[in-house]
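J.: Got a structure for you, written out below as structure tokens; questions coming shortly.
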Amino acid sequence: MKLISLLSGDVIQKWSLELKDVLRPTGSSVLALAFGKDDTYYAIGSNGKLNVFQ
């Protein structure tokens, strides 16, 4: 997942989503993204997992 500046198009930060099994392809996608305090972001994936990014 990437955090991209809308003004410049620059990638501010990148994270990897947790996958169930690296040997099997997954169709997981981010359904919702929330901005928390102190540069913390929360993403709910279609696989039902809540990912926390800092």
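J.: Arranged from highest to lowest average of other beta-carbon atoms within 10 Å per residue, in what order do the peptides 47-54, 33-40 appear? Working shown, then result.
T.: Details: 47-54: 12.6, 33-40: 9.4.
Ranked from most to least packed, the peptides come out as 47-54, 33-40.
J.: By how many nm would the segment from residue 3 to residue 52 grow when fully extended, if each residue of separation counts as 0.36 nm and the alpha-carbon distance is taken off?
T.: Numbers: separation 49, 0.36 × 49 = 17.64 nm, distance 1.33 nm.
Gain on stretching residue 3 to residue 52: 16.3 nm.
J.: In whole Hz, with x marking every Gly and Pro, tabulate ³J(HN,Hα) for segment 7-13 from phi via Karplus 6.51 cos²θ - 1.76 cosθ + 1.60, θ = phi - 60°.
T.: 6, 9, x, 6, 7, 7, 7
J.: For residue 12, what charge total do you get from the other residues with a beta carbon under 12 Å from its beta carbon, if Lys and Arg give +1 and Asp and Glu give -1? Walk me through the numbers before you get to the answer.
T.: Numbers: positive: 2, 14; negative: 10, 39.
Neighbourhood net charge equals 0.
Throughout, read-outs are computed from the coordinates displayed, never taken from laboratory work. Note that the structure is predicted; figures quoted are calculated from it, not measured. Please note: Cβ atoms are built from the backbone with ideal geometry, for glycine as well, and neighbour counts cover all protein chains shown.
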